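The values are calculated or read from the model by the stated rules, or taken from the named source; none is laboratory data. What you see is a predicted model, and the numbers here were worked out from it, not measured in a lab. Cβ placement follows ideal geometry from the backbone for every residue including glycine, while neighbour counts extend to all protein chains displayed. All accessible areas refer to the heavy atoms of the entire protein, side chains included, with ligands and DNA or RNA removed. Shrake-Rupley method; radii C 1.70, N 1.55, O 1.52, S 1.80 Å.
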Amino acid sequence: IWTLALVVIVLPLSAASVPHAQAATDPPHLAFLGVRLQNDNEKLEPTTDAERNRIAALAKQFTSAVASSGTYTITSVTADIQSQIASGQAVGNCGGCEAESGKQLHADRVAWITVQKVSNLILNMNLYVADPATDKLTFVKSVDIRGNTDESWSRSLKYLLDNYFFAQKS
């Protein structure tokens, strides 16, 4: 009788601890702070509507790929943070605003992308991830792009994600 009673008491306690175990294995939260185009020749080759559209497409591609990978849970960036980003110095050049944004959003990591346009033939895409708690970069990778097209931008991000970001050892 005592053995049976013990089993009845232990099983509910074990079942009650399962959600805590699942919570411990949830992926960390990542706040994506956006894509910035650094156009080195803005006066000679102004930023085009096509490039602005590529920036939006790249942001969507990044968040969709990361979310579907299960590597991170994407944390929504609030309107207040978006406003701060838009009105302040550029993410990546703001002296720690990325970490502050991550702290405000309760994110485990923050990420952003820069695309440097040297010309319509030569571009460079950089992916950065930082730990808001330490304000230290945890991931930085870059790829060169040849050609300023929707396809070249999309393939470059896919390459960065598949060959570096998702392949990294945690």
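I need the shape label for region 96-170. Rule: rounded when a/c is under 1.5, else prolate if a/b > b/c, else oblate, with a, b, c from the alpha carbon gyration tensor. It is prolate, given that a/c is not under 1.5 and a/b is the larger ratio. Averaged per residue, region 14-154 has 54 square angstrom of accessible surface, using a 1.4 angstrom probe with ligands and nucleic acids left out. For the cross-link pairs Lys60/Lys136; Lys136/Lys158; Lys117/Lys158; Lys103/Lys158; Lys60/Lys158; Lys103/Lys136, which exceed 22 Å when the distance is taken from alpha carbon to alpha carbon? Checking Cα-Cα distances, Lys60/Lys136; Lys136/Lys158; Lys103/Lys158 exceed 22 Å. For region 22-95, just say rounded, prolate or oblate: build the C-alpha gyration tensor, square-root its eigenvalues into a ≥ b ≥ c, call rounded for a/c under 1.5, and beyond that prolate if a/b exceeds b/c, oblate if not. Judged from the Cα gyration tensor, region 22-95 comes out prolate (a/c at least 1.5, a/b above b/c).
In a shell of Cβ-Cβ distance under 14 Å around Ile55, excluding Ile55 itself, what net charge do Lys and Arg (+1) and Asp and Glu (-1) give?
Values: positive: Arg36, Arg52, Arg54, Lys60, Lys117; negative: Asp49, Glu51, Asp150.
With Lys, Arg at +1 and Asp, Glu at -1, the neighbours total +2.
Checking every one of the trypsin sites (Lys or Arg not before Pro) in region 21-75 against DSSP loop status and a limit of 14 other Cβ atoms within 10 Å picks out Lys43. If you take the Cα centroid of region 74-117 and the Cα centroid of region 123-170, the two points sit 16 Å apart.
The packing ranking, built from the mean of other Cβ atoms within 10 Å per residue, places the peptides 87-95, 156-164, 66-74 in the order 156-164, 66-74, 87-95, highest first.
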